[in-house]
């Protein structure tokens, strides 16, 4: 099935050339914490102090999340990068820091592969 999808993609994008295959890491940060929620100011500080120094380019958005039958606002961060051990370490550091700073049980980490196309 994947080979068919790739063939269709390349046929549809005949004027594009595959440049690189990279990792796409999507991280889900719940905001409920003991005694309240992660504030917008706390989130911005976390992004500025922890994520941006490790990955200066990424995308983030807010979503409605659910954890253990509770609804919570969730920050989603997607980082696309070459597959390197140092990048995996950086993602582990981001997750560990968030969990420690905001007393979180977990951060969901979803990894996929993406194709970088160029005209």
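What follows draws every value from the coordinates through simple rules; no lab data is involved. As the structure is a computational prediction, the values presented were derived from the model and not from experiment. We place every Cβ from the backbone using ideal geometry, glycine too, and count neighbours over all the protein chains shown.
Across the range 19-118, Cα pairs under 8 Å and at least six residues apart give a relative contact order of 50 percent. Label-to-label distance, residue 108 versus residue 80, with points set 7 angstrom from Cα along the beta-carbon direction: 2.2 nm. Using a ≥ b ≥ c from the Cα gyration tensor of the range 19-118 (square roots of the eigenvalues), is it rounded, prolate or oblate, where a/c under 1.5 gives rounded and otherwise the larger of a/b and b/c decides, a/b for prolate? Here the range 19-118 falls in the prolate category. Projected label points at residue 118 and residue 61, each 7 Å from Cα along the beta carbon direction, are separated by 2.8 nanometres.
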